[in-house]
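**Student:** Take a look at this one; I'll ask things after.
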Amino acid sequence: MTRVTAARIGLLVNPTAGKHRGEQIGTRVADLLEAGGREVVDLTGLDATRAEAKARRAVATGDIDLLVVAGGDGAAGLGANICADTDVPLGIVAVGTGNDNARELGLPVQDVEASVQRILQGSVRSMDLGRVSGPDGEPVRDYLGVLSCGFDAVVNERANRMSWPRGPQRYNLAILRELPVFGAIHYDLTIDGVEREVDGMLVCIANGRAFGGGMKVAPAADVDDGLLDVVIVHDIPVPTFLSVFPKVFSGTHTTHPAVEIVRGARVSIATERIVSYADGERVAPLPATVEAARGALSIVR
């Protein structure tokens, strides 16, 4: 753990963050960083792809000492992928709709001033990432929080096809629409070399504790332990699942006999017709392999 000493800070802002106040938020963040004696490098691009390319180039060339992202879980996840396995730390200004990762890391949420103060005066620590690779072994994406591979992923896929409502309510409505037609999914799992078959309502691979706007799906997960928490909700009738699922907001679902949590450093998961999600973003269709990339990210916490 070291103090933040960055003099030259790259700033990457999600323009739709803060109810589409991204540009205004970005200006405020830049003003506060400059008032703190830092030089700010604007990494805004014409679109998300160009902005990401600019940020990756700035990190690779050593043009910045610290990358700051402003937005929600998606922006935080993008920043983690850019800074992973580099010497450039990540700072997060959490102004999105979910902000699960920032909240679980103990960072300020919906408070630009407090976030920048933490970035200027906080400490840089290492943390684990979940590292996803495809069936060919090629890397796909890193993630901070939780990789969704079951009911939660199906809900995400449905929510992303919906244009209304905006914010967390869209996810809740997608849950209501998906439940009547959802059934258990068959999985082939390998956890640290141990193979097993599972019929489950929900399977997720957690590096962090929460997702979906406050759902503490893996309440004992630790981003510093080099392990992933594989959360399995076994095949149960939909009415029973309905009684268990809301408890995920408090983390008390783990006491139900249908809920199993297995820890491991490397997890392979295969099933049909499921697209995995993490940090609020579409990751890849299954099958996939996930590893705990220990200490892969330096982050201001």
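**Student:** Could you give the angle, 0 to 90 degrees to the nearest 10, between helix 73-83's Cα long axis and the longest principal axis of the Cα atoms of the chain?
**Tutor:** Approximately 70 degrees, to the nearest 10.
**Student:** Now a separate question. Please give the per residue accessible area of segment 77-146, computed with a probe of 1.4 Å over protein heavy atoms only, in Å².
**Tutor:** The answer is 36 Å² per residue.
**Student:** Can you pull the one-decimal nm distance between simple spin-label points at A220 and R282, each 7 Å off the Cα toward Cβ?
**Tutor:** 3.6 nm
**Student:** By how many nm would the segment from L179 to N160 lengthen if fully extended, with 0.36 nm per residue of separation less the alpha-carbon distance?
**Tutor:** Net length gain for the segment: 5.2 nm.
**Student:** Once the Cα atoms of segment 8-77 are picked out, what are the Rg and Dmax in Å?
**Tutor:** Cα radius of gyration and Dmax of segment 8-77 are 11.4, 33 Å respectively.
**Student:** Label-point separation (nm) for A48 and D136, each offset 7 Å from Cα along Cα-to-Cβ?
**Tutor:** Simple spin-label model gives 2.3 nm for this pair.
**Student:** Treating the angle as unsigned and between 0 and 90°, give the value, to the nearest 10°, between the Cα long axis of helix 112-121 and the longest Cα principal axis of the chain.
**Tutor:** 70 degrees
**Student:** If you don't mind, there's one more thing I want to ask. Starting with the highest mean, order 133-144, 270-281 by the number of other Cβ atoms within 10 Å, averaged over the residues of each peptide.
**Tutor:** 270-281, 133-144
**Student:** Moving on to the next point. Over segment 30-72, average the accessible area per residue using a 1.4 Å probe and give it in Å², no decimals.
**Tutor:** 51 Å²
**Student:** Nothing charged except the Cβ atoms of Lys and Arg (+1) and of Asp and Glu (-1): what's the magnitude of the dipole of segment 237-301 about its Cα centre? Round to the nearest 20 debye.
**Tutor:** Roughly 160 debye for segment 237-301.
**Student:** Quick one: which of 252-265, 84-97 comes out on top by average Cβ neighbours within 10 Å, and what's the full order, highest first?
**Tutor:** The most tightly packed comes first, giving 84-97, 252-265.
**Student:** Can you compute the label reach from R8? Point 7 Å from Cα along the Cβ direction, backbone N cut-off under 17 Å, restricted to segment 64-107.
**Tutor:** Within reach of a label on R8: 64-68, 87-90.
**Student:** Let me ask something else. When the accessible area of the chain is computed with all protein chains present and a 1.4 Å probe, what percentage of it is carbon and sulfur?
**Tutor:** Roughly 49 percent of what the probe reaches on the chain is carbon or sulfur.
The values are calculated or read from the model by the stated rules, or taken from the named source; none is laboratory data. The shown structure was predicted, so the numbers you read here are calculated from the model rather than taken from an experiment. For neighbour counting, all protein chains shown are included, and Cβ atoms are generated from backbone atoms with ideal geometry for every residue, glycine included. Just the protein is used for accessible areas: all its heavy atoms, side chains included, with ligands, DNA and RNA removed. Shrake-Rupley method; radii C 1.70, N 1.55, O 1.52, S 1.80 Å.
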